[in-house]
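Working notes, beginning with the structure itself.
Bear in mind that the values in this text are calculations on the coordinates, not laboratory data. Keep in mind it's a predicted model, so treat the numbers as computed, not measured. FYI the Cβ positions are ideal-geometry reconstructions off the backbone, even for glycines, and counts take in every protein chain you see.
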Amino acid sequence: KTWLRTIAALTMAAVVGGAAPAWSQEIKAKLGTSLPDSHPQTMGARKFAELVEQKSDGRIKIAVFSNGQLGSDQQMQAALRGGTQEFTVPSTATLANLDKSFGIIGMPFSFASEAQADAVLDGPFGQSLLDRLPAVGMVGLAFWENGFRNLTNSRRPVERVEDIRGLKVRTMQNTLYIDMFNGLGANAVPLAVTELFTALETRAVDGQENPYTVVHAQKFYDVQKYLSTTGHAYDALVLVASGKFWDRLSESDRQLLREVAREATLYQRQTSRELNAKLREELVGLGMQINDVAPEERERMREALQGVIDKHAAVSGADVTEQFRQ
Ligand code: PAF
């Protein structure tokens, strides 16, 4: 196979006067994540890189930089748009700063299950969101899972909306999440996840909200005693490529990356779900106290957030909100 390709490449090079065809070119790319190697965000990224290298016979090499080595979510998105970094996997919440429609995924208490989230994200609605990314300098390859978010804090057990009152809670740098936690009576403090452990450790903030997988990978159990199963929002991650990088790829390489992204998605979601299912017990073993939030208390939280839900439905736009609801 390789020698056939070499002959074909030489022939092509002769025909086009020395320029090597796109498919014979070596491609090197950087993929940055914000979480450590033990988190499914980075595990999925490494699987994607490994499969791309394998399926391109070693021609496309993607180096994965985990744990915010290349910067915060926002900095990496800026690097993709500028063409100095090729891939990243942000939350839909931080992508919403570039295209408001993405905010709708984080609407409080919207998804009943992971299966429902898959159906929405893998269907026409999810595709319509991905189709918006080229306009902001990126190409969306797949939705990955961060999961249902739970509240943790170092001050007190939280089982009811009243218990949240007055807690200083770090949120993602996104107005929906800021409004959500202010709406629940907390004082929301937006911060990049790369600065979060220190903020919790120094007690600059009392709490934060993330799925079990993030609480575990970031070792928040060392600085947070209480975890409440608020499940207040489902959070998806998006595997995105730099538009400038994408424009330079051949059509067959784009095809290869899209196919591999689909394969890596199955692995990423499965890994995320398996870990989430077992980490609850592990976090208890590591000293956390877990308080289950009853369905009627979740409903009270949702009611407290009705104004925020209405406001952000308008922010995402009437059309997008209507399609999402359907
Ligand atoms: O909390 C956050 O910042 C997000 O959950 C994540 C995925 C860790 C970073 O985008």
Residues of the range 30-54 that turn out to be outside any helix (DSSP H, G or I) and crowded, with 19+ Cβ neighbours inside 10 Å, as a count = 7
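Closer than 15 Å to Val169 by Cβ and not charged (D, E, K, R) - does that describe any residue in the range 234-253?
No, the range 234-253 contains no residue that is closer than 15 Å to Val169 by Cβ and not charged (D, E, K, R).
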Residue count, the range 55-73, condition crowded, with 16+ Cβ neighbours inside 10 Å, at negative phi and in contact (Cβ under 8 Å) with a residue 40 or more places away in the chain, comes to 5
Positions within the range 149-163 being buried (at least 24 other Cβ atoms within 10 Å of the Cβ) and away from the ligand (no atom under 16 Å from the Cβ), in sequence order = Val158
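Condition check ((1) within 23 Å of Ile105 (Cβ to Cβ); (2) within 15 Å of the ligand (Cβ to nearest atom); (3) touching a residue at least 24 places away in the same chain (Cβ under 8 Å); (4) in a helix (DSSP H, G or I)) across all residues:
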{"residue": "Gln173", "(1), (2), (3), (4)": "yes, yes, yes, no"}
{"residue": "Tyr177", "(1), (2), (3), (4)": "yes, yes, yes, yes"}
{"residue": "Val189", "(1), (2), (3), (4)": "yes, yes, no, no"}
{"residue": "Phe197", "(1), (2), (3), (4)": "no, yes, yes, yes"}
{"residue": "Leu200", "(1), (2), (3), (4)": "no, yes, yes, yes"}
{"residue": "Thr230", "(1), (2), (3), (4)": "yes, yes, yes, no"}
{"residue": "Asp235", "(1), (2), (3), (4)": "yes, yes, yes, no"}
{"residue": "Ala241", "(1), (2), (3), (4)": "yes, no, yes, no"}
